[in-house]
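Undergrad: My questions will all concern the structure given below.
The values are calculated or read from the model by the stated rules, or taken from the named source; none is laboratory data. Quantities reported herein were computed from a predicted structural model and do not represent experimental measurements. Note that we place each Cβ from the backbone using ideal geometry, even for glycine, and neighbour counts take in every protein chain shown. Ligands, DNA and RNA are stripped out before the accessible areas are found, and what is left, the full protein with its side chains, is counted by its heavy atoms. Shrake-Rupley method; radii C 1.70, N 1.55, O 1.52, S 1.80 Å.
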Amino acid sequence: MNEHNIGLQLYTVRELTAQDMLGTLERLAAIGYRAVEFAGYGNAGVRDVRAALDAHGITAVGAHVALDNFESRFEQTIDELQTLGCRYAIVPWVGEERRGSLAEARRLAEQLNRLGEQVRAAGLRFAYHNHAFEFDPIDGTSLWEVLLRETDPDLVALELDVFWARYAGFDPVAMIEQLTGRLPLLHAKDISRDDPQADAPVGDGSLPWPRMLEAAKSAGVEWLIVEQDRPRDALSDVERSLRNLQAMLRC
């Protein structure tokens, strides 16, 4: 992992991609991004998006895909990801109906294993992205612990969002170390120094980035994916995150 392994989760610039996906990709390339992770395709078709990626030298690391889409339109979803050249298919969120009890959590783990096998057969890798609710207690354990125990690491990789892990009260450095060999993707999202419930450009907040980056290298992280849920100025903020990460990775 080095400064070339930095991507952007396009949810961060969703207001721009909704109006002009292709133009936004061009602007991100001009800033210096050479990789992206999708969360929908804005106002453009998948083939046009792929052409823009190729034109601007941008790699599609992966895409966040709702679990319902894997269930109801699996073949179409995989076709879209393959068209874009994605390596990873990532579940970004699950509703309360899938995680409210230990039995539901275990059923979710079983489903992720099945989907992971299907995704692997299609030539991609399957992964799960956390928020904070995974760490809430359920019958003496948590959804996170169930997923760690009951999903197959060969079928279900993890994309740790360090903002949400810290928000839930956990040490992100220790979590990265714990996930060695199972963590190809890390969501690089910082916590504002002024408001612990708000995010900030990477490196401008309170998370211990030098320690996290060192742990990520040792853990086998392949990609750092910049994200902000609520940027103040989307393009300015993502540029700031990129520059800060580049500088830290060069040290």
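Undergrad: I'm trying to understand the selection: among the residues of region 172-208, which are among the charged types (D, E, K, R) and open to solvent by 10 Å² or more (accessible area, probe 1.4 Å)? Talk me through it step by step, then tell me what you get.
TA: Here is the first cut: in region 172-208, the residues among the charged types (D, E, K, R) are 177, 182, 189-190, 193-195, 199, 204.
Residues satisfying the conditions are Glu177, Arg182, Arg193, Asp194, Asp195, Asp199, Asp204.
Undergrad: Also, I was wondering about something else. Has region 214-223 got at least one residue that is over 25 Å from Ala127 (Cα atoms) and among the basic types (Lys, Arg)?
TA: For region 214-223, residues over 25 Å from Ala127 (Cα atoms) and among the basic types (Lys, Arg): absent.
Undergrad: How many residues are in contact with a Leu (Cβ under 7 Å, 6 or more places away or on another chain), open to solvent by 10 Å² or more (accessible area, probe 1.4 Å) and of a type in the set (D, E, K, R) when one looks only at region 1-59?
TA: The qualifying residues number 4.
Undergrad: Anything in region 217-233 that is farther than 15 Å from Ile191 by Cα, in contact (Cβ under 8 Å) with a residue 60 or more places away in the chain and open to solvent by 20 Å² or more (accessible area, probe 1.4 Å)? List them, or say none.
TA: Those that are farther than 15 Å from Ile191 by Cα, in contact (Cβ under 8 Å) with a residue 60 or more places away in the chain and open to solvent by 20 Å² or more (accessible area, probe 1.4 Å): Lys217, Glu222, Trp223.
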